[in-house]
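Written out below as structure tokens is the structure these notes cover.
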């Protein structure tokens, strides 16, 4: 273990690293159905993938700039909300990422 | 929704300018949705403490804003001294300080060249380098101390204690009302306070340095130019005014909601600065020949440098006078706003 790094800190860093890649997959998967930020955050939390908005919104903006998501501002319940959905490119990437995920998952399951 | 507005303004300070409005609209919508849901759950408007708790969960506004930036620039010398959250403010303060110093130094060297004095490239380079090292060291030291404090206490931040928190969960379009550090904002940006503290501290160090070694101001011309006696009278007063502004910024750092306090103190200090500049202007001579000087070319140099000083001082009087009028107007506007708000409250 690196000097000055305690066990808890190290575990936390590795856990975050592990989660980071999975979060992209979870967000893309959840946005097959159009949602706005807050409901997306709730959906993910209900599925055990809690994510704070300081991570979620920059991620959504990044995925949108990469062309994987599309968004539009729309009024709902007298409030303007930004709705996100998977773009056609996003659908293709999600499909490929899911098969990659299944491959990794089955490999790991075989190893563990 | 005053607390939410304060929070969004604090976030706005650190957001990329071209995306600021869009990010704030979305963030505002997210937090409002959470507050609405909580209010529906408890079947009453949220208390101030409950609103604070929700905002606290959203995290330090500066760290939140840093996540939206694409550059994520930091300053590292072996280890990270200034992280991405503070870096834009660090660059802003350093650029302002260096810009101001170089304008002063540049004016003096230009005056020397115009007067026919020989100014070597080496002398100019040495002076520029010296200013660069001093400003860089002091500003970096102060910001790295702030960074150290922030890293040790990421959760130690506060939204101030605004008077009269409105608990209505109305659906006003907050995004349009959010002005990052706006002049008529109801809240003094904490980074405005920090920037003033840092810039003032550097100015004091520089002022003391100029007193001890005029090379900092005149460069190689320090061997035959001296500051006129008027400066020994006014520099202590400048230092006192700067200390008072630092005290004001420190108080506003703790109480960002004391807008009236800021406006009044800045008005008084501005008036003091104007009187001081007029006093300096009245001296008519700001640079005098040093010992061993007596040539015609030197007399011309002193004359040209004094003319440059005159131009700078006249410009300073004009800028200060305009600022003073603006501040008086701002104070009057704020007073009228407060009076109309009190009369609405009385009617309700």
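Residues of the stretch B:28-38 that are more than 9 Å from chain A (Cβ to nearest Cβ), surrounded by 17 or more Cβ atoms within 10 Å (Cβ to Cβ) and over 31 Å from the mean Cα position of the chain (by Cα): B:35 alone. Criterion first (in a helix (DSSP H, G or I), surrounded by fewer than 17 Cβ atoms within 10 Å (Cβ to Cβ) and in contact (Cβ under 8 Å) with a residue 24 or more places away in the chain) does residue B:21 satisfy it? So residue B:21 fits the description; yes.
A Cβ distance below 8 Å, combined with a sequence gap of six or more or placement on separate chains, defines the contacts here; from the stretch B:227-256, residues that are assigned to a loop (DSSP other than H, G, I, E, B) reach residues that are surrounded by fewer than 17 Cβ atoms within 10 Å (Cβ to Cβ) in the pairs B:228/B:283; B:228/B:285; B:228/B:288; B:255/B:161; B:255/B:261.
Looking across the stretch B:45-81, the residues that are out of contact with any helix residue (DSSP H, G or I) (no Cβ under 7 Å at 6 or more places or on another chain) and on the phi > 0 side of the Ramachandran plot come down to B:72, B:78. Do we find a residue being buried (at least 21 other Cβ atoms within 10 Å of the Cβ), within 13 Å of chain A (Cβ to nearest Cβ) and in a helix (DSSP H, G or I) anywhere in the stretch B:11-18? Yes - at least one qualifying residue is present in the stretch B:11-18. Which residues, taken from the stretch B:56-91, are over 30 Å from residue A:66 (Cα atoms) and buried (at least 16 other Cβ atoms within 10 Å of the Cβ)? Passing the criteria: B:81, B:90. Kindly check whether there is at least one residue in the stretch B:92-112 that is modelled with pLDDT of 75 or more, surrounded by 15 or more Cβ atoms within 10 Å (Cβ to Cβ) and farther than 30 Å from residue B:307 by Cβ. The answer is yes, given that some residue of the stretch B:92-112 is modelled with pLDDT of 75 or more, surrounded by 15 or more Cβ atoms within 10 Å (Cβ to Cβ) and farther than 30 Å from residue B:307 by Cβ.
The residues of the stretch A:12-34 that are farther than 16 Å from residue A:49 by Cα and touching a helix residue (DSSP H, G or I) at 6+ places or on another chain (Cβ under 8 Å) amount to a single one, A:32. Can you spot a residue in the stretch B:243-256 that is surrounded by 16 or more Cβ atoms within 10 Å (Cβ to Cβ) and over 21 Å from residue B:9 (Cβ atoms)? So far as the stretch B:243-256 goes, yes, one or more of its residues are surrounded by 16 or more Cβ atoms within 10 Å (Cβ to Cβ) and over 21 Å from residue B:9 (Cβ atoms).
For the stretch B:163-182, the condition of being more than 20 Å from residue B:250 (Cβ to Cβ), modelled with pLDDT of 75 or more and within 23 Å of the chain's Cα centre (by Cα) holds for none of the residues. For the stretch A:16-64, residues that are surrounded by fewer than 20 Cβ atoms within 10 Å (Cβ to Cβ), within 11 Å of chain B (Cβ to nearest Cβ) and not in a helix (DSSP H, G or I) total 1.
Among the residues that make up the stretch A:71-87, is at least one of them part of a helix (DSSP H, G or I) and within 14 Å of chain B (Cβ to nearest Cβ)? Checking the stretch A:71-87: not a single residue is part of a helix (DSSP H, G or I) and within 14 Å of chain B (Cβ to nearest Cβ).
Can you tell me which of B:25, B:52 is at pLDDT 85 or above and within 9 Å of chain A (Cβ to nearest Cβ)? It is B:25.
Filtered by the rule that a residue be exposed (fewer than 15 other Cβ atoms within 10 Å of the Cβ) and at pLDDT 85 or above, the stretch B:289-311 gives B:307, B:310, B:311. What about residue B:327, is it in a helix (DSSP H, G or I), over 23 Å from the mean Cα position of the chain (by Cα) and over 21 Å from residue B:103 (Cα atoms)? Against the criterion (in a helix (DSSP H, G or I), over 23 Å from the mean Cα position of the chain (by Cα) and over 21 Å from residue B:103 (Cα atoms)), residue B:327 does not qualify. Hey, does the stretch B:146-161 have a residue that's within 30 Å of residue B:215 (Cβ to Cβ) and modelled with pLDDT of 80 or more? No, the stretch B:146-161 contains no residue that is within 30 Å of residue B:215 (Cβ to Cβ) and modelled with pLDDT of 80 or more.
Yes/no matrix, rows are residues, columns are (1) more than 14 Å from the chain's Cα centre (by Cα); (2) closer than 23 Å to residue B:61 by Cα:
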{"site": "A:27", "(1), (2)": "no, no"}
{"site": "A:31", "(1), (2)": "no, no"}
{"site": "A:38", "(1), (2)": "no, yes"}
{"site": "A:42", "(1), (2)": "no, yes"}
{"site": "A:52", "(1), (2)": "no, yes"}
{"site": "A:56", "(1), (2)": "no, yes"}
{"site": "A:61", "(1), (2)": "no, yes"}
{"site": "A:69", "(1), (2)": "no, no"}
{"site": "A:74", "(1), (2)": "yes, no"}
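The values are calculated or read from the model by the stated rules, or taken from the named source; none is laboratory data. Since this is a predicted model, take the numbers as computed values, not measurements. Here Cβ is always computed from backbone atoms with ideal geometry, including for glycine, and neighbour counts include all displayed protein chains.
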